[in-house]
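Participant: Here it is, the structure, as structure tokens.
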Amino acid sequence: MDTDTGTDAGTDTGAGERAAARRMWHLLEPVHAVVYYAPEAYEEAAALGYGTAERWPAYFAWRAAPLGAAGAEETTAAFHSFSPDMVARYVPESWRIAVPDAVLAARTRAVTRTYAALLGPGADTPGVAEAATLARRVAGAAVPAGPLSAANAALPWPGEPAAALWQAATVIREHRGDGHLRALREAGLDPVESLVSFAAIGAAPPEVFASRGWTPTAWEAARSRLAARGLVDAAGAATGAGRELRAQVERRTDELAAEPWRVLSDDEREHLAKALEPFWVAAIGSGLLPGVNTLGIGKV
């Protein structure tokens, strides 16, 4: 979807920065997300005592650990899209299994092992170190926009280049995510309405969003609220107004995400994009990542 619909690109001086931020998100997101699905991460999680029959016990631990021993309410607010009931199934139980510092140490091991498996000797090359250096500059310029970006930015940096690149990618993507939550709030969309409206524009089928734990009753209630605002039709598809609101959310998200990328020149950003290619290709080519996801990458 063209997130600049209705905008004259010739007069929109921020369009290029927004497009660059979105492009880098598309490159960095698989670098970050593949760890949640990697066998090496499951092994590290199992060693800590987490169940691995499904990915959620480890996912909540890996992603929430930078917040410290956060409770269910704090984690729900930070994650935004998950239902409170789903979060409460895993948090704070996560911290009774392993303390956050132990989870963070295991997370770094999982990242290092995952990329060693995916890239082999390519995980420890000058190109990876260069990519980590550039990505760290962007991460360092990302003024924390919310709890997850702030917590990850405050962590010490790992010594291994691949792990440092992953941490920088995580700071950047959580910065973008925190900005996205701001954009959703500005649009007047609560957590479940955010998902329903996203599904309504075709970002992913509604059943994909069932992974966020909302009941059918909560989903239908949100759809009714959106219909009352003229944002979806009787079938649940986005109206013109609904599409425009989501386009505004995406534009605002890209605008907020673009800020730290200004620390790099155009040439440095291109150099980073080129250096990220082996990671991106390895992550996508691994088959570990779902082809259809709740982020709408490739759809919006």
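Every number here is computed from the coordinates shown, using simple stated rules; none is lab data. Model, not experiment: these values are computed from the prediction. Neighbour counts are summed over all protein chains in view; Cβ atoms, including those assigned to glycine, are modelled from backbone coordinates with ideal geometry.
Participant: Among 200-208, 111-119, 80-88, 227-235, how do they line up by average Cβ neighbours within 10 Å per residue, starting with the highest? Write out the running numbers ahead of the final one.
Facilitator: Numbers: 200-208: 16.7, 111-119: 21.7, 80-88: 18.8, 227-235: 14.3.
With the highest mean Cβ count within 10 Å placed first, the list reads 111-119, 80-88, 200-208, 227-235.
Participant: Among 159, 240, 71, whose mean-square fluctuation peaks in a Gaussian network model of the chain (Cα, cutoff 10 Å)?
Facilitator: 159
Participant: I need the shape label for the chain. Rule: rounded when a/c is under 1.5, else prolate if a/b > b/c, else oblate, with a, b, c from the alpha carbon gyration tensor. Write down the numbers at each step before the final one.
Facilitator: Numbers: a/c = 1.83, a/b = 1.18, b/c = 1.56.
Verdict is oblate for the chain.
Participant: Mind putting a number on the dipole of region 85-137 about its Cα centre? Charges go on the C-beta only, +1 for Lys and Arg and -1 for Asp and Glu, and I need it in Debye to the nearest 20.
Facilitator: On the way: 7 positive and 5 negative charges, 7 e Å.
Value, rounded to 20: 40 debye.
Participant: Extension gain residue 23-residue 133, at 0.36 nm per residue separation less the Cα-Cα distance, in nm? Intermediate values should be presented prior to the final figure.
Facilitator: Working: separation 110, 0.36 × 110 = 39.60 nm, distance 1.90 nm.
Here the answer is 37.7 nm.
Participant: Based on DSSP H runs of at least 4 residues, each adding -39500 (n - 2.57), what is the mean residue ellipticity at 222 nm of the chain after dividing by all its residues, to the nearest 500 deg cm²/dmol?
Facilitator: -20000 deg cm²/dmol
Participant: Something else: Quick query: amide H of residue 232 versus all other amide H atoms, modeled in the peptide plane; which residues come in under 5 Å with a sequence gap of 5 or more or a different chain?
Facilitator: 227, 239
Participant: How much net charge surrounds residue 225 when only other residues with a Cβ under 12 Å from its Cβ are counted (Lys, Arg +1; Asp, Glu -1)?
Facilitator: Values: positive: 223, 229; negative: 190, 193, 220.
Result for the neighbourhood of residue 225: -1.
Participant: Non-local amide H neighbours of residue 214 (under 5 Å, H modeled in plane, Pro and chain starts lacking H): which ones?
Facilitator: Residues meeting the amide H criterion: 83.
Participant: Looking at the square roots a ≥ b ≥ c of the eigenvalues of the Cα gyration tensor of region 249-297, which shape do they give, rounded for a/c under 1.5, prolate if a/b is larger than b/c, or oblate? Working shown, then result.
Facilitator: Details: a/c = 4.28, a/b = 1.23, b/c = 3.49.
It is oblate, given that a/c is not under 1.5 and a/b is not larger than b/c.
Participant: Just add up the charged neighbours of residue 132: K/R +1, D/E -1, any other residue whose Cβ is under 13 Å from the Cβ of residue 132.
Facilitator: Working: positive: 136, 137; negative: 124, 130, 160.
Once all neighbours under 13 Å are counted, the net charge is -1.
Participant: Provide the net charge surrounding residue 78, with neighbours chosen by a C-beta distance below 11 Å and charges set as Lys +1, Arg +1, Asp -1, Glu -1.
Facilitator: Details: positive: 63; negative: 73, 74, 174, 178.
In short, -3.
Participant: Short version: ³J(HN,Hα) in whole Hz for each residue of region 20-29, in order, from phi by Karplus 6.51 cos²θ - 1.76 cosθ + 1.60 (θ = phi - 60°), x for Gly and Pro, what are they?
Facilitator: Along region 20-29, the couplings run 5, 5, 5, 4, 5, 4, 4, 6, 7, 4 Hz.
Participant: Under the Kirkwood approximation for Rh and a Cα-based Rg, what ratio Rg/Rh is obtained for region 43-196?
Facilitator: Details: Rg = 16.2 Å, Rh = 16.4 Å.
Radius of gyration relative to Kirkwood radius: 0.99.
Participant: Also, quick follow-up: If you plug each phi of region 199-205 into the Karplus form 6.51 cos²θ - 1.76 cosθ + 1.60 with θ = phi - 60°, what whole-Hz ³J(HN,Hα) values come out, in order, with x for Gly and Pro?
Facilitator: Couplings: 4, 5, 8, x, 4, 6, x Hz.
Participant: Moving on. How big is the C-alpha Rg of region 156-237 next to the rule-of-thumb value 2.2 N^0.38 Å, as a ratio?
Facilitator: Values: Rg = 16.7 Å, N = 82, 2.2 N^0.38 = 11.7 Å.
Relative to the 2.2 N^0.38 Å estimate, region 156-237 comes out at 1.43.
Participant: With N denoting the number of residues in region 207-288, provide Rg(C-alpha) divided by 2.2 N^0.38 Å, to two decimal places.
Facilitator: Details: Rg = 19.1 Å, N = 82, 2.2 N^0.38 = 11.7 Å.
My calculation over the Cα atoms of region 207-288 gives 1.63.
Participant: I've got another one for you. Within region 32-138, list the GluC sites (Glu not before Pro) lying in a DSSP loop whose Cβ has at most 14 other Cβ atoms in a 10 Å radius.
Facilitator: On the way: sites: 40, 43, 44, 54, 73, 74, 93, 130; in loops: 54.
In loop regions of region 32-138 (DSSP not H, G, I, E or B), the sparsely surrounded GluC sites (Glu not before Pro) are 54.
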